[in-house]
Amino acid sequence: MTGTRDDTTTAELAPGVRIPLIGLGTWPLTGEDAAAAVAQAIGSGYRHIDTAENYANETAVGEGIRRSGIERSRLFLTTKFNTEWHSRDGVREAFGHAVTRLRTDYLDLFLVHWPNPAQGRFVEACEGLQRLVDEGSIRAWGVSNFKPAHLRLVHDAGLQVPVNQVQIDPEHGQPRQLAYHRDHGILTAAYSPLGRNGAFLSHPAVTGPARDLGKTPAQIVLRWHVQHGRVAVPKSASLDRQRENLDVFTFALSQEQLDAIDALDTGAPPRLDSDTFFH
């Protein structure tokens, strides 16, 4: 289990593996800021921590986990690796580096951070991840920033992608991306779930339910993600914000309210194009 006993707060990622629907995003926190934020969040009840090689904070995240005093088995830990490691053997090496920095001996979820299709080796990376699952080094694997065209190539290799972490918020709804996920049994995880500039947080479709339910606009948007069955990993170092972001399981939005937030989608693509951007 993931450390939470209430399955309404988790989603099934793989047989016997459930992922908390709200996680702590850690980019761009580094050093002491990251360690303190992680320890604080765990103390406030977070059980899902999300990091990445390219965030340059895995060591700090590991320190935050150590400070929290929590048993490793009660946490769900996600990290991601760069395209340098896109090969079957490279993924194994990336895993070794990640667990060393995080000071753990296994990962709950290991993701291909960007597909880098020009390099043409992300399918090999996925095959390497499946081997790590088969060996018991990681509990589950997945991808991040993969478009349907990238996912199809992975599926054509005979692999089922459990989860894809992509940019989703009310203005970047990505309906075609989400439809592909639904059709192929892929769990969606949303990064930057509250957006970058937060303009939609002041829209009546968000502020109205916030007023009626006595919640913050951010809580309304996170609840919108959760009710759509998505994992969301908002970043915050503020204790009050961390607690608010986690407290989205005691109320529900009506279908009309969900539809109104859905309608905020501008049709804009993700901020970064994963056909060309990578690290």
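Data table
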{"read-out": "Every residue from the range 35-55 that is farther than 21 Å from H225 by Cβ and over 17 Å from the mean Cα position of the chain (by Cα)", "value": "A35, A36, A39, Q40, G43"}
{"read-out": "Residue that is least open to solvent (accessible area, probe 1.4 Å), among those in the range 196-215 that are under 20 Å from R271 (Cα atoms) and at pLDDT 95 or above", "value": "F200"}
{"read-out": "Total residues in the range 147-177, condition open to solvent by 20 Å² or more (accessible area, probe 1.4 Å), out of contact with any Leu (no Cβ under 8 Å at 6 or more places or on another chain) and not basic (K, R)", "value": "12"}
{"read-out": "V233, sole failed condition from (1) in contact with a Gly (Cβ under 8 Å, 6 or more places away or on another chain); (2) closer than 30 Å to G120 by Cα; (3) without any contact (Cβ under 8 Å) to a residue 24 or more places away in the chain", "value": "(3)"}
{"read-out": "Matching residues in the range 257-276 - criterion: being under 19 Å from the mean Cα position of the chain (by Cα) and open to solvent by 40 Å² or more (accessible area, probe 1.4 Å)", "value": "P269, P270, R271, L272, D273"}
{"read-out": "The lone exception for W85 - which of (1) open to solvent by less than 40 Å² (accessible area, probe 1.4 Å); (2) over 21 Å from P20 (Cα atoms); (3) free of Cβ contacts under 8 Å to residues at least 40 places away in the same chain it fails", "value": "(3)"}
{"read-out": "All positions within the range 248-279 that are touching an Asp or Glu at 6+ places or on another chain (Cβ under 8 Å) and farther than 30 Å from N54 by Cβ", "value": "F249"}
{"read-out": "Answer from G45, G120 - the residue that is touching a residue at least 24 places away in the same chain (Cβ under 8 Å), outside any helix (DSSP H, G or I), open to solvent by 10 Å² or more (accessible area, probe 1.4 Å) and on the phi > 0 side of the Ramachandran plot", "value": "G45"}
{"read-out": "Any chance L187 is in contact (Cβ under 8 Å) with a residue 24 or more places away in the chain, of a type in the set (A, V, I, L, M, F, W, C), open to solvent by 20 Å² or more (accessible area, probe 1.4 Å) and out of contact with any Phe, Trp or Tyr (no Cβ under 9 Å at 6 or more places or on another chain)", "value": "yes"}
{"read-out": "Filter result for the condition that a residue is under 25 Å from G195 (Cβ atoms) and either buried (at least 22 other Cβ atoms within 10 Å of the Cβ) or in contact (Cβ under 8 Å) with a residue 24 or more places away in the chain (or both), over A94, A52, A39, A14", "value": "A52"}
{"read-out": "Condition met for A218 (open to solvent by less than 40 Å² (accessible area, probe 1.4 Å), more than 17 Å from P20 (Cα to Cα) and either out of contact with any strand residue (DSSP E or B) (no Cβ under 9 Å at 6 or more places or on another chain) or β-branched (V, I, T) (or both))", "value": "yes"}
{"read-out": "Residue match in the range 246-258 (condition: β-branched (V, I, T), in contact with a strand residue (DSSP E or B) (Cβ under 7 Å, 6 or more places away or on another chain), at pLDDT 95 or above and not in a loop (DSSP other than H, G, I, E, B))", "value": "no"}
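Residues are listed down the side, and each one gets a yes or a no for (1) in contact with a helix residue (DSSP H, G or I) (Cβ under 9 Å, 6 or more places away or on another chain); (2) farther than 21 Å from G31 by Cα; (3) crowded, with 19+ Cβ neighbours inside 10 Å:
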| site | (1), (2), (3) |
| --- | --- |
| G62 | yes, no, yes |
| L102 | yes, no, yes |
| G136 | no, yes, no |
| N145 | no, yes, yes |
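The values are calculated or read from the model by the stated rules, or taken from the named source; none is laboratory data. In this text, all values refer to a predicted model and were calculated from it rather than measured experimentally. All Cβ positions, even for glycine, are placed from backbone atoms using ideal geometry, and neighbour counts span all protein chains on display. SASA here: full protein model, heavy atoms, side chains in, ligands and nucleic acids out. Shrake-Rupley method; radii C 1.70, N 1.55, O 1.52, S 1.80 Å.
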